[in-house]
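These notes are about the structure you will find just below.
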Amino acid sequence: MIDRPLTVAVSGAGGRMGRIYVPELLRQGHIVRVYDPQKDVLYQYERQGATIYKNNRALVQGADVVLLLVPVRKTEDVLKDMSPQRPQDGHILRYLKPDVILGSAASSKEWVAEQEIRYLPPTARIVEFHPMHGENIQPKGQNLLTVPVRDDGSGEALMQELFSPTGVKIRHVDSVSEHDQIMGEVQGGNHSVAFSRDTAWYLGGTDPDDNTVYADPFGDAKSLHSRRPLDLNLQVYVVTMMLNRFVPPYVQQYEDVLAEIYRKVIEGRREELYRMFEEDREHLGKDAIKDARERFAAVYGLALDDTGNSHISDLIWAELDKRRNTRPTDFVEFESPHYSLGRMIKYAILGGDIRRFVDNAIDNPQTQWQDFNYARAVAVINQIIQSGDDVALLRHFERMKRFFNQKQMKRNLGTVGQHSTVLSRSLRQGTDEYARAYAEWRAESAASQEGN
């Protein structure tokens with residue numbers, strides 16, 4: 001139990017996560033120290049009562065808790081920066097308190113934990129934490145994972161107590177390996193799907209905003225949520241997909257399954273596709289699909305058309321879940337409401353007329369072209385990920401970002417942010433507010449199209 005103000009050192013305090021959590025720690029009455037190479041952004045904290053330090057070594061001296069809010073790839077450099085000695089077999093941080101608690105907010109934990117174990121003294125308690133809400137969403141109602149690396153239980157308990165007043169839902173994960181395996185499904189899957197869809201639009205030379213007023217609610221939602229990552233820190237997504245050893249096998253299977261389905265479409269194997277997606281329905285369960293459709297209708301204020309147009313690629317996640325023996329409910333406790341919404345959108349379509357979707361894919365050349373671009377896109381993403389080339393993946397994402405209408409995309413992504421805020425309270429509450437925001441966005445898009 002925290003019975004006194006703690007001295008909390010925050011490295012990387014000038015980033016987006018720092019802007020969320022530093023003010024929260026100050027509000028709790030803790031003694032907050034901050035450091036960031038970009039010192040200009042720290043003065044706002046100084047006015048709130050934090051103390052600015054010139055380097056990481058001075059920052060951590062005598063601190064009770066050290067929080068690393070730095071990019072994953074920078075973790076080792078930060079740990080080295082804290083060290084006054086550099087012996088050949090590792091680094092000894094002489095100025096750390098013997099029982100200091102240190103953790104990183106990085107989204108890939110195995111590699112980070114290896115660096116921390118290597119550089120920190122054996123008495124230091126290492127407890128990783130992972131805010132699942134992303135960099136621009138307030139923590140209240142969101143999930144935050146804590147992962148003990150080297151701890152007797154006291155460090156994790158204190159870390160959880162430190163974050164609880166922010167309103168997050170604390171979730172314990174047993175090990176960094178289990179954490180990364182979960183993230184391989186939650187983030188790796190979500191990110192690879194989103195960026196693959198973006199890539200498909202890019203390869204096809206199509207900006208979804210060109211056809212906004214003609215899109216159905218499912219198409220709007222899919223477009224919005226797929227492009228949202230392009231407006232955030234692309235480097236974070238690159239590292240998540242590259243450093244986590246569980247992501248490449250997921251993306252490889254993703255490509256293989258989509259290629260298999262596309263071949264069946266080209267060869268006109270309707271009955272096989274009918275059976276495949278009926279089996280997906282059985283795997284997920286009627287109640288889960290019904291619930292997804294009800295939530296979609298509540299969130300968007302609109303019902304899905306059971307016989308509406310869709311693409312085979314919209315059903316791919318269900319087939320992946322069946323083959324991996326996973327279900328959406330397996331990850332609810334470990335993902336943000338935004339991810340839950342994206343997952344919900346994909347599963348809601350299973351309640352529609354699957355035969356109509358399959359027939360449309362086989363009989364409509366335009367649909368086949370779109371699905372072909374999607375299959376190509378997944379292959380492109382997978383090839384880069386399997387190569388392990390961080391720079392190539394980042395350049396690919398940046399190229400797509402430049403392709404889309406930036407002004408329109410930022411307005412649309414702002415709407416997604418509003419949606420996520422509402423969802424953080426509850427996916428079953430805030431219906432009127434969500435529907436109103438969606439309706440306003442549709443009206444603005446229609447007016448923009450008419451003006452052009």
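For region 46-78, what are the residues that are more than 20 Å from Pro5 (Cβ to Cβ) and either in contact with a Lys or Arg (Cβ under 8 Å, 6 or more places away or on another chain) or of a type in the set (Ser, Thr, Tyr) (or both)? Answer for region 46-78, where residues must be more than 20 Å from Pro5 (Cβ to Cβ) and either in contact with a Lys or Arg (Cβ under 8 Å, 6 or more places away or on another chain) or of a type in the set (Ser, Thr, Tyr) (or both): just Thr75. A residue that is at pLDDT 90 or above, of a type in the set (D, E, K, R), part of a loop (DSSP other than H, G, I, E, B) and closer than 20 Å to Glu161 by Cα occurs nowhere in region 17-28.
In the set Lys401, Lys407, only one residue is surrounded by fewer than 16 Cβ atoms within 10 Å (Cβ to Cβ) and at pLDDT below 85; that residue is Lys407.
Given the criteria hydrophobic (A, V, I, L, M, F, W, C) and part of a loop (DSSP other than H, G, I, E, B), does Ala63 qualify? For Ala63, the condition - hydrophobic (A, V, I, L, M, F, W, C) and part of a loop (DSSP other than H, G, I, E, B) - is met. For Gly90, indicate whether it is at positive phi and modelled with pLDDT of 90 or more. The answer is no for Gly90.
Going through region 18-30 one residue at a time, which ones are under 22 Å from the mean Cα position of the chain (by Cα) and crowded, with 21+ Cβ neighbours inside 10 Å? Scanning region 18-30 gives Gly18, Tyr21, Val22. Only helices (runs of 4 or more DSSP H) whose full extent lies in region 173-285 are considered here, and the ones with at least 2 residues that are of a type outside the set (D, E, K, R) and modelled with pLDDT of 75 or more are 176-183, 189-204, 234-243, 247-266, 270-284.
If you go through region 128-139 one residue at a time, do you hit one that is at pLDDT below 90, touching a Phe, Trp or Tyr at 6+ places or on another chain (Cβ under 8 Å) and more than 30 Å from Ala377 (Cβ to Cβ)? Within region 128-139 (the criterion being at pLDDT below 90, touching a Phe, Trp or Tyr at 6+ places or on another chain (Cβ under 8 Å) and more than 30 Å from Ala377 (Cβ to Cβ)), the answer is yes, since at least one residue qualifies. The sole residue among Asp174, Asp180 that is among the charged types (D, E, K, R), under 26 Å from Asp321 (Cβ atoms) and surrounded by 21 or more Cβ atoms within 10 Å (Cβ to Cβ) is Asp180.
The values are calculated or read from the model by the stated rules, or taken from the named source; none is laboratory data. Everything numeric in this text was worked out from a predicted model, so none of it was measured. As a convention, Cβ positions derive from the backbone with ideal geometry for all residues, glycine included, and neighbour counts pool all protein chains shown.
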